[in-house]
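Chemist: Here you go, one structure.
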Amino acid sequence: MSDLALFGGEPLRRRPFPHWPVFDSAEEKALVDLVRSGQWWRYSMGEAVDPTGAPENIRSKVGEFQEMFARRQGARYGIACATGSAAIEVVLKAMGIGPGDEVIVPPYTFIATATAPMLIGATPVFCDIDLETLNLDPARLEEAITPRTRAIMPVHFAGLAADMDAILDISGRKGIPVVEDACHGHGGMWKDRGLGTIGLAGTFSFQASKNMTAGEGGLITTADAALAELCESYIWVGRKAGKPWYEHYYLGWNYRLTEFQGAILIEQLRRLEAQTERRRANAAYLSEQLRGVPGIYPLQVPKYATKHSYHIYVFRFEESEFGISRGDFLQALIAEGIPAMSGYAYPLYRNPLFAAPGLGHDYARYTDLCLNAERACRQMVWLEHRLLLGNRQDMDDIAGAVRKIHQRRPDFESAAANSVATR
Ligand SMILES: Cc1ncc(COP(=O)(O)O)c(C=O)c1O
């Protein structure tokens, strides 16, 4: 076996992995057709709740997309909006959440899960995750509930369903609604039900890194007609469908998705199922190949997670078992031609923004309360979903590079000794 590429050897692989986003003439045609139509903007208010409500029955691209997405995910209503962050903000506000209220969120997620509640005046309360799934740990949920808790917001992290039976049980007993942050969960399922359709509402993102994208974009799913209508109104600066244009009923935003994004997302959605199946097959194969390498632990996929959407492929890296640090491992893996990352450097509550004065909540205490999130930030290795769109050889290369680094791990000691000797 050749030397590690990190120390001047031949990289195991020079070929690039599949590029993201995947697109072809379908997206190009959709955009060109839209440009040529001159219909760069359309009134689609009302279409989220009543798809036949569009004036003269002309469907907007946004209306067509949100209906298609909702149907595919198994949701009654889909309300498109500008971003996944906006989707969370809008749905929480539509639930009547605001100043003085608390929303329970996991700390191992993207910042918007916590800042969306803050932007409408509410307080995110962090609940630790399960280290095997990286999802909110239901065993820790009840201790996070206070008389001010207004929502529980699990994240289906990386596209793996959270433990919804346990979460719904607590939600039912306490009378606190669940909003699913399904921003990683396009096409994913819990017990054969689409992610984002299990709680009161779900939120999705179509930002550039997501499993389907128009660069940016978001969507809310719900089965509650009144909630859907209010969400749509908040996205449309507080208007009501069919009412005068300059009549505003609520304090809302302009958080609309554009027709250009709608047109692209329709095409992206057509690719989703085949891509998800490919990611799942490759992920299962890769996990088989990686199991048995000391210190490498692909995440568990519990039985209830009937379809993992694999927004990210994650494995846990135990430094003491593998024999080198995660930092050295990642550098070596990248040098071998495998793009990999360490993910979040620290849990959300350790972001500087939570140290600002006047937040009225003690965020410093979570460092001692969320030990699994702390550990996840130190131990996880992430591979982007585009790598899983490759073939078996690509998966063999990933596993081969991991094994090569493990076999050559003594080289790190020699390199360290040499660098000390030459100092
Ligand atoms: C778990 C999670 N929630 C929310 C968001 C916010 O989505 P957006 O970037 O579209 O605002 C993201 C996006 O990165 C995310 O990963």
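Nothing in this text is a laboratory measurement; each read-out follows from the coordinates by a stated rule. Keep in mind it's a predicted model, so treat the numbers as computed, not measured. Glycine also receives a Cβ, built like all others from the backbone with ideal geometry; neighbour counts cover every protein chain displayed.
Chemist: Using only Cα atoms, figure out Rg for the range 109-179 and give it as a multiple of 2.2 N^0.38 Å.
Modeler: Computed over Cα atoms of the range 109-179, the ratio equals 1.05.
Chemist: Which whole-Hz ³J(HN,Hα) couplings does the range 185-197 yield from phi under the Karplus relation 6.51 cos²θ - 1.76 cosθ + 1.60, θ = phi - 60°, glycine and proline marked x?
Modeler: x, 3, x, x, 9, 10, 6, 6, 10, x, 4, x, 10
Chemist: Comparing Asn391, Asn282, Asn211, which has the greatest mean-square fluctuation in the GNM of the chain with Cα pairs linked when under 10 Å apart?
Modeler: Looking only at Asn391, Asn282, Asn211, the largest GNM fluctuation is found for Asn391.
Chemist: Can I ask one more? As an exercise, use a Förster radius of 45 Å and the Cβ-Cβ distance of Ala226 and Val32 to find the FRET efficiency, rounded to the nearest 0.05.
Modeler: The pair Ala226/Val32 has a calculated efficiency of 0.70.
Chemist: Which residue, Val293, Val402, Val91, has the most motion in a Gaussian network model of the chain that connects Cα atoms within less than 10 Å?
Modeler: Result for the chain, Cα springs under 10 Å: Val293 fluctuates most.
Chemist: Please find the FRET efficiency linking Asp50 to Glu273, where r is the Cβ-Cβ separation and R0 is fixed at 22 Å, and quote it to the nearest 0.05.
Modeler: About 0.25, to the nearest 0.05.
Chemist: Here is a further query. Below 8 Å between Cα atoms, with a sequence gap of 6+, how large is the relative contact order for the chain in percent?
Modeler: It rounds to 21 percent for the chain.
Chemist: Modelling each spin label as a point 7 Å along the Cα-to-Cβ direction, I'd like the Lys303/His19 distance in nm, to one decimal.
Modeler: Roughly 4.5 nm, to one decimal.
Chemist: Quick check on the range 1-50: take the gyration tensor over C-alpha atoms, sort the square-rooted eigenvalues as a ≥ b ≥ c, and tell me if it's rounded (a/c under 1.5), prolate or oblate.
Modeler: It comes out prolate by the Cα gyration axes.
Chemist: Once you have the Cα-Cα distance between His248 and Arg72, take 0.36 nm times their residue separation minus that, and quote the gain in nm to one decimal.
Modeler: 60.1 nm
Chemist: Is the shape of the range 95-231 best called rounded, prolate or oblate, per the rule: a/c under 1.5 gives rounded, else a/b larger than b/c gives prolate, else oblate, with a ≥ b ≥ c the square roots of the Cα gyration tensor eigenvalues?
Modeler: Rounded, since a/c falls under 1.5.
Chemist: Quick one: helix 61-73 against the long Cα principal axis of the chain, what's the angle to the nearest 10°, folded into 0 to 90?
Modeler: 60 degrees
Chemist: Sequence-distant or interchain residues sharing an amide H contact under 5 Å with Gln207, placed H: which?
Modeler: Gly84, Gly217
Chemist: Distance between the C-alpha centers of the range 330-391 and the range 163-235? Whole Å please.
Modeler: 23 Å
Chemist: Quick one: P(r) of the chain from all Cα-Cα pairs, 10 Å bins, percents rounded to integers, in order of increasing distance.
Modeler: Spelled out bin by bin, the chain gives 5, 21, 28, 24, 14, 6, 1, 0, 0 percent.
Chemist: Which value at 222 nm does the chain reach when only helices count, each DSSP H run of 4 or more adding -39,500 (n - 2.57), with the total divided by all residues and rounded to the nearest 500 deg cm²/dmol?
Modeler: Per the formula, -11500 deg cm²/dmol.
Chemist: Of Lys303, Lys29, Lys404, how do they rank once you tally other Cβ atoms within 10 Å and put the fewest first?
Modeler: Ascending Cβ contact count within 10 Å gives the list Lys303, Lys29, Lys404.
Chemist: Can you give me the three principal axis dimensions of the range 244-291 from its C-alpha atoms, in Å, biggest first?
Modeler: Sorted largest first, the three principal extents are 60, 23, 11 Å.
Chemist: Additional query: Expressed as a whole number of Å, what is the distance separating the alpha-carbon centroids of the range 15-78 and the range 311-327?
Modeler: Cα centroid of the range 311-327 versus Cα centroid of the range 15-78: 40 Å apart.
Chemist: Let me ask something else about it. Taking only Cα atoms, what is the 0 to 90° angle, nearest 10, from helix 259-290's long axis to the longest principal axis of the chain?
Modeler: 30 degrees
Chemist: Additional query: Under the Kirkwood approximation applied to all pairs of distinct alpha-carbon atoms, what is the hydrodynamic radius of the range 25-269 in Å?
Modeler: Taking every pair of different Cα atoms in the range 25-269, averaging 1/r and inverting gives 18.0 Å.
Chemist: Sticking with this structure for a sec: Quick one: among Arg270, Arg36, Arg350, which has the greatest mean-square fluctuation in a GNM of the chain with alpha-carbon springs under 10 angstrom?
Modeler: Highest fluctuation of the listed residues: Arg36.
Chemist: While we're here: Just to be sure I understand the curve: with the Debye formula and one point per C-alpha of the range 319-423, what is log10 I(q)/I(0) at q = 0.11, 0.17, 0.20, 0.21 Å⁻¹?
Modeler: -0.52, -0.90, -1.04, -1.09
Chemist: On a 0 to 90 degree scale, rounded to 10, what angle separates helix 410-421 from the longest Cα axis of the chain?
Modeler: Between the helix axis and the principal axis of the chain, the angle is about 70 degrees.
Chemist: Could you compute how fast the range 53-152 diffuses translationally, taking Rh as the Kirkwood radius over C-alpha pairs and applying Stokes-Einstein at 20 °C with viscosity 1.002 mPa s? Give it in µm² per second.
Modeler: In µm²/s, the coefficient is 139.
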